[in-house]
Amino acid sequence: MPYFSHRGRRLHFTDDSEGRGEPLLLLHGLGSRGSDWRPQIDGLAGEFRVLTLDFPGHGDSDPIDGPVTIADLARDVRALLDHLQMVRAHVVGLSLGGMVLFQLLADSPERLNSITVINSGPGLVSGQWRMKLLVAFRTLLIHSFGLPALAKKIAPKLFPRTEQQPLRDEFLRSIAAADKKSYLRVLRAIGAFNVCEKVAGSRIPALILSADNDYTPVSYKAGYTAQLGNARLSVIENSGHASPMDQPQACNQLIREFLREISEKEEKPLGKITAN
């Protein structure tokens, strides 16, 4: 398995180096891992050079041994691009991965060809207490009963339908592979995350994907989409927080169409894309 070292730990990644086209990096959610992007890896590899990264303490990457911030995770992503000698890439981020992607947009927009954010955001302008309450509740649950107990509570909400049992099982396996202390440290980082002002007006092409049944409402994503300078919003129907898993074909189609559009315009100035 391929690894690289950054900040004293080994991080696992995958690289479809045989794939054609521009690099497309996929960033997973909290408690997940790069291999959970399998539907996107299989669906997009013929057109793009698809990469994944296991965040520290997730999948096959080394655990986190001290405090961490979302900015630290963004540095890990930049380190991967440096390791592969990639100047920039298209990047897709789900949930935690979307937050890391917004941090990259704030700190290193020159490393991004485009961003696709799925069921995530740059932080909360108001109602930050809700996030802090969620973090406190999950922290208490993990300390009291462990990560498996949290996973069993979350899985039915992520995948509520009977036929989604295989997805629930895969989610439980991903959580089981995560390091408890690392999970808690990243959870605290999520509670403190906010780059709303830093990314406002960004000209990097952005596709914002929101499930109709996500934890946060479509209106929240529409609000920050309007603050970005070159973004559009698409809603994925009959989907929950883990849209790439419960609606993989819809996600793949939207990502593919967005990136094809960028490719067609790459020789021309990019006009503003309005939210719809």
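When all alpha carbon pairs of the range 1-66 are counted in 5 Å bins from zero, the resulting P(r) reads 4, 20, 26, 22, 16, 8, 3, 1 %.
In a reduced charge model with +1 at each Lys and Arg Cβ and -1 at each Asp and Glu Cβ, the chain shows a dipole moment near 900 debye about its Cα centre. Values of log10 I(q)/I(0) for the range 34-129 across q = 0.11, 0.21 Å⁻¹ run -0.34, -1.22, by the Debye formula with one identical scatterer at each alpha carbon and no solvent.
Counted as membrane-span-like here are DSSP H helices of the chain whose alpha-carbon atoms extend 15 Å or more along the helix's own axis and whose Kyte-Doolittle mean is -0.5 or above; these are 70-83, 96-107, 128-145, 147-158, 165-177, 180-191. Over the chain, DSSP H runs of length four or greater, each weighted -39,500 (n - 2.57), average out per residue to a 222 nm ellipticity of -13500 deg cm²/dmol.
Pairs of Lys residues in the chain, spaced 8 or more positions apart or belonging to different chains, with C-alpha separations under 29 angstrom: 23 in total. Distance between the C-alpha centres of the range 72-98 and the range 187-212: 15 Å, rounded to the whole angstrom. Expressed in Å, the radius of gyration and Dmax of the Cα atoms of the range 66-219 are 16.3, 45. Under a Gaussian network description of the chain, with springs only between Cα atoms under 10 Å, the residue in L172, L51, L133 that fluctuates furthest is L133.
Ordering H241, L124, Y224 by the projection of their Cα atoms onto the charge dipole of the chain, which places +1 on the Cβ of Lys and Arg and -1 on the Cβ of Asp and Glu, puts L124 at the extreme positive end.
What is the sum of charges around L25, taking Lys and Arg as +1, Asp and Glu as -1, for the other residues whose C-beta is under 12 Å from the C-beta of L25? Don't skip to the answer; put the middle values down first.
Working: positive: R49, R78, R88, R111; negative: D15, D16, E22, D76.
With Lys, Arg at +1 and Asp, Glu at -1, the net is 0.
Does the range 3-265 classify as rounded, prolate or oblate by the C-alpha gyration tensor (a ≥ b ≥ c root eigenvalues; a/c under 1.5 gives rounded; else a/b over b/c gives prolate, otherwise oblate)?
Working: a/c = 1.25, a/b = 1.18, b/c = 1.06.
Judged from the Cα gyration tensor, the range 3-265 comes out rounded (a/c under 1.5).
Taking other Cβ atoms within 10 Å as a rough exposure proxy, C196, C251 sort from fewest to most as C196, C251. Considering every alpha-carbon pair of the range 115-171, the percent of pairs per 10 Å bin, from zero through the bin containing the longest distance, is 19, 34, 39, 8. Taking every DSSP beta bridge that has both ends in the chain, the antiparallel portion is near 20%. Kirkwood radius, the range 144-260, all distinct C-alpha pairs, inverse of mean reciprocal distance: 16.2 Å.
A short reminder: the numbers here are calculations on the coordinates, not readings from a lab. In this text, all values refer to a predicted model and were calculated from it rather than measured experimentally. Positions of Cβ are generated from backbone atoms using ideal geometry, with glycine treated the same way; all protein chains shown enter the neighbour counts.
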